[in-house]
1. Out of everything in the range 91-103 that is more than 25 Å from Y224 (Cα to Cα) and touching a strand residue (DSSP E or B) at 6+ places or on another chain (Cβ under 7 Å), what residue ends up being surrounded by the most Cβ atoms within 10 Å (Cβ to Cβ)?
2. Six or more apart or on different chains, Cβ atoms under 6 Å: show the pairs whose first residue is in the range 59-75 and more than 29 Å from V211 (Cβ to Cβ) and whose second is of a type outside the set (F, W, Y).
3. Identify the single condition in (1) surrounded by 12 or more Cβ atoms within 10 Å (Cβ to Cβ); (2) outside any helix (DSSP H, G or I) that L198 does not satisfy, given that it satisfies every other one.
4. Which residue is nearest to I80 (Cα to Cα), if the candidates are limited to the range 118-143 and must be of a type in the set (S, T, Y) and assigned to a helix (DSSP H, G or I)?
5. Name the strands (runs of 3 or more DSSP E) wholly within the range 13-102 that hold at least 3 residues that are modelled with pLDDT under 95 and over 19 Å from the mean Cα position of the chain (by Cα)?
6. So, T38, is that one out of contact with any Leu (no Cβ under 8 Å at 6 or more places or on another chain) and crowded, with 17+ Cβ neighbours inside 10 Å or not?
7. Assess whether S196 counts as being under 14 Å from F83 (Cβ atoms) and within 18 Å of the chain's Cα centre (by Cα).
8. From the list L203, L214, L150, L219, which one is without any contact (Cβ under 8 Å) to a residue 24 or more places away in the chain, surrounded by 14 or more Cβ atoms within 10 Å (Cβ to Cβ) and hydrophobic (A, V, I, L, M, F, W, C)?
Amino acid sequence: MSRYWLTPAYEADFDDKVAEINGVYEQAPERAKQGQRTECVDEMTGVQALERKHPGLPLLAGKVERIEFEYKRHGTLSFICNFEVALGELTACTASKTRNEKDFVEHIQRRVASDPRTRQWDFVSDNLNTHMSAALVRYVAEESDVAIDLGVKGKSGILKSKASRAAFLSDPTHRIVFHYTPKHASWMNQIEIWFSILVRKVLKRGNFISVDDLKRKVLAFIEYYNRTMAKPFKWTYQAKALIV
């Protein structure tokens, strides 16, 4: 893998952000003991509810399971999910037909409200616009008792730009802190590992007769996963220099 596409300035920023995310993961168990939560959050969008037109053929001696390739489409859902780093559990999941600024803010609000005893929330997220929205800034300011003029979106103050909003949301003195993965490095978000498990275990071979059926089966798998499979991921990436 090469880093030839990185400018010197971006390479330094990339390394700093990678080191920050690694530190967040390393400190998560100790933070949990102090009443803090460290969670990875992201969306899986456009998940299709596909119903197979005919039953699949079961495993036989010398033959793999064969799945019907024709299907009916019953619509799509987007899932916003939280993965708690210290416990390895899925702690929240919102299923909806849209994925926008309002959906994400409301998801974070529900998650924080679910445990008022938590002293600080650290969320690892990618740098999608909806993860740095003006509405999210206003909510974090309110929860963190930050009583200042936030400015006007696109014009002035903290709300002026994506960069200024991201800087505010990353402030470690707030009750809710966002840690953003570098551009082109969303793979550093541990929720992506869990999404790959969901695809393999549920979605890839699934049969869903409606979007409600899709939602029900995904939520049932989350309950099963937390009960029988959940454990912290062993994070080994140490941001060593890549070979050119």
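1. Residue satisfying both the conditions and the ranking: R99.
2. So the pair list comes out as L59/E65.
3. L198 satisfies every listed condition except (2).
4. T130
5. Counting at least 3 such residues, we get 36-52, 71-84.
6. yes
7. Answer is yes for this residue.
8. L150
The values are calculated or read from the model by the stated rules, or taken from the named source; none is laboratory data. Only a predicted model underlies this, so the values are computations on that prediction, with no experimental measurement involved. With ideal geometry, Cβ positions are generated from the backbone for all residues, glycine too; neighbour counts draw on all protein chains shown.
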